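Take a look at the structure below.
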Amino acid sequence: MKLRNILIVLFSFQILFTLLLKYFSYQGDLSSELHEKILKYFTEADIQAGIDYSRRGFFVSIIASLLDFTLAGAFVFTPLSSRLEEFFQKKVGGNFYLVVFLYFISFYLIEFFISLPFSYYFGFVIEHEFQFSNMTFLDWVIFKSKSFGIGLFFGTIIMLVVAFVLKNLPRAWKYILPILSLGFGLLTSVLFPIIITPIFYDFGPIEEGSLKNKIVALSEKANIRIENIYVIKESQYSGHTNAYFTGWGESKKIFLYDTLIKNHTEEEVISVLGHEIGHWVHNHQTFEIVLGTIQTFLFCFLLGYVFQKVKAEELVPLKEFYSPSTLPFLFLILSLIGTVIEPFSAGLSRILETQADQEALILTNDKKSFINTEIKLAKDNKSRLNPHKLEIIFEHSHPTTLERIELAESWKGPN
């Protein structure tokens, strides 16, 4: 069987599986046993609120997915991608890097404008309908424009660098790109709070007082030195809550959403931070970076192999590996690989998140606040309390709310 035909079969399976997974996600887990467990901590209204929010826009999401697949199929299995590259070659006289730039801009714009109505519907209309968003339409346009500009800027740089490596280092690119990917990831983690966050949010240092003292004490207990604690004004955009750490080495920065501080007690905020500290205590960030680098190495070798095999068949309109028109084909292969490894990636992530939850319980020794936090977070965010098992396996990077609560309930305290 030709590899091209295998790819078409896999692509078709991916489409069907995506739609099937959406259906199961819509249905959720309707077992009476799970329902009774949930009712120990939530009301029927809480359960229904999560169902309504998760189901809203179901058919629109199907249309969005089908359009994405149609665009991908058109660029990979028809001459569209090659002809677009040839068009730019004629316009600019064969300047390779200018062709790469123009091709990427075109591809980026096509994808952006196709997804824009769906982004507006899910990110503005539905968020207002469920009273999450505080944005005006102008706020949303500005926010989206910033995201567009940043994505275009970094995407262009990445594409030009990748094109240079592929064209000029045909034997070494499989080793160089993973290293560059690692370096870019590390650089991004450092620059994100310094450059990216201020573009979107207003934030400032946390006020002196009891909460700050408790955060510092918790960090010291975990042997983590906190350089600064910032409060992000998320309330200007939405009612969603979050908290995260940034930094490398011994010095860390903490970012708290003002909505988290407003909607939770100090003990509950500390419980959330205990979870984030748990990731640092167990070196999850380092582990994920190492694993991601190894994964990138494997992906590069696999992409090179599949490309050579498919190109040799001459049944898919492919130019050189470094040609910009090859980009959609490579994205398709990565997407197919992602579908296969998705349950393993999600499962590993849930293991790490559970470990961080356990560390939070150890550090705070306060399972009551942990449970109250999970209940509040689920209610405030209208979380789906009864997700389908397949959705959990393939898509959930975190344990379900009930699983996290039951973990805390079973915790016996420090030995």
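Evaluated against (1) outside any helix (DSSP H, G or I); (2) within 29 Å of the chain's Cα centre (by Cα); (3) at pLDDT 95 or above, residue 30 falls short on exactly one condition, (3). Considered as a group, the residues in the range 378-408 that are buried (at least 20 other Cβ atoms within 10 Å of the Cβ) and under 23 Å from residue 215 (Cβ atoms) include one that is nearest to the chain's Cα centre (by Cα), and that residue is 404. A count restricted to the range 235-260 and to residues that are under 24 Å from residue 140 (Cβ atoms), more than 19 Å from the chain's Cα centre (by Cα), surrounded by fewer than 17 Cβ atoms within 10 Å (Cβ to Cβ) and free of Cβ contacts under 8 Å to residues at least 40 places away in the same chain stands at 0. Within the range 64-106, the set of residues being among the polar types (S, T, N, Q), free of Cβ contacts under 8 Å to residues at least 12 places away in the same chain and within 30 Å of residue 122 (Cα to Cα) comprises just one member, 70. Exactly one residue out of 69, 113, 77, 101 is over 25 Å from residue 317 (Cα atoms) and not charged (D, E, K, R), and it is 113. With the condition kept exactly as written, say whether any residue in the range 159-179 is of a type in the set (Ser, Thr, Tyr), in contact (Cβ under 8 Å) with a residue 60 or more places away in the chain and farther than 30 Å from residue 119 by Cα. Scanning the range 159-179 turns up at least one residue that is of a type in the set (Ser, Thr, Tyr), in contact (Cβ under 8 Å) with a residue 60 or more places away in the chain and farther than 30 Å from residue 119 by Cα. Name the single residue that is surrounded by the fewest Cβ atoms within 10 Å (Cβ to Cβ) among those in the range 167-198 being not in a helix (DSSP H, G or I) and not charged (D, E, K, R). Filtering the range 167-198 for residues that are not in a helix (DSSP H, G or I) and not charged (D, E, K, R), the one surrounded by the fewest Cβ atoms within 10 Å (Cβ to Cβ) comes out as 172. For beta carbons closer than 8 Å, sequence separation of 6+ or different chains, a first residue in the range 181-199 that is over 23 Å from residue 292 (Cα atoms) and a second that is part of a helix (DSSP H, G or I), the qualifying pairs are 199/146; 199/150. Considering the range 261-302, the residues that are more than 14 Å from residue 376 (Cα to Cα) and of a type in the set (S, T, N, Q) include one that is surrounded by the most Cβ atoms within 10 Å (Cβ to Cβ), namely 296. Is it true that some residue in the range 97-109 is under 26 Å from residue 405 (Cα atoms) and surrounded by fewer than 18 Cβ atoms within 10 Å (Cβ to Cβ)? Scanning the range 97-109 turns up no residue that is under 26 Å from residue 405 (Cα atoms) and surrounded by fewer than 18 Cβ atoms within 10 Å (Cβ to Cβ). Does residue 144 satisfy the criteria of being among the basic types (Lys, Arg), under 25 Å from the mean Cα position of the chain (by Cα) and either closer than 30 Å to residue 379 by Cβ or at pLDDT below 95 (or both)? Here the answer is yes, as residue 144 does meet what is asked. Does the range 45-66 include one or more residues that are over 22 Å from the mean Cα position of the chain (by Cα), under 30 Å from residue 376 (Cβ atoms), of a type in the set (S, T, N, Q) and not in a helix (DSSP H, G or I)? Among the residues of the range 45-66, not one is over 22 Å from the mean Cα position of the chain (by Cα), under 30 Å from residue 376 (Cβ atoms), of a type in the set (S, T, N, Q) and not in a helix (DSSP H, G or I), which makes the answer no. For the range 1-60, a residue qualifies if it is in contact (Cβ under 8 Å) with a residue 12 or more places away in the chain, among the aromatic types (Phe, Trp, Tyr) and under 30 Å from residue 302 (Cα atoms), and the qualifying residues are 11, 17.
Taking residue 176, is it of a type in the set (A, V, I, L, M) and more than 20 Å from residue 279 (Cβ to Cβ)? Judged against the criteria, residue 176 is a match.
Of the residues screened, residue 8 is one that is under 28 Å from residue 316 (Cβ atoms), in a helix (DSSP H, G or I) and of a type in the set (A, V, I, L, M). Take the conditions closer than 28 Å to residue 271 by Cα and surrounded by 15 or more Cβ atoms within 10 Å (Cβ to Cβ) and apply them to residue 371. Does it pass? Yes. Evaluation of residue 216 against the conditions (1) touching a strand residue (DSSP E or B) at 6+ places or on another chain (Cβ under 8 Å); (2) under 24 Å from residue 188 (Cα atoms) shows that the sole unmet condition is (2). Among the charged types (D, E, K, R) and at pLDDT 90 or above: is that true of residue 319 in this structure? Criteria not met by residue 319. Given the criteria of a type in the set (Ser, Thr, Tyr), within 19 Å of residue 41 (Cα to Cα) and part of a helix (DSSP H, G or I), does residue 373 qualify? Yes, satisfied.
Here 365, 372, 386, 381 are screened, and the one residue that is in contact (Cβ under 8 Å) with a residue 24 or more places away in the chain and in contact with a Pro (Cβ under 8 Å, 6 or more places away or on another chain) is 365.
Got at least one residue in the range 346-355 being within 22 Å of residue 375 (Cβ to Cβ), part of a helix (DSSP H, G or I), touching a Leu at 6+ places or on another chain (Cβ under 9 Å) and modelled with pLDDT of 90 or more? Yes: the range 346-355 contains one or more residues that are within 22 Å of residue 375 (Cβ to Cβ), part of a helix (DSSP H, G or I), touching a Leu at 6+ places or on another chain (Cβ under 9 Å) and modelled with pLDDT of 90 or more. In the range 313-322 there is at least one residue matching the filter, namely being farther than 30 Å from residue 355 by Cα, assigned to a helix (DSSP H, G or I) and acidic (Asp, Glu).
The values are calculated or read from the model by the stated rules, or taken from the named source; none is laboratory data. All values derive from a computational prediction rather than experimental measurement. Note that each Cβ is placed from the backbone with ideal geometry, even for glycine, and that neighbours are counted across all protein chains shown.
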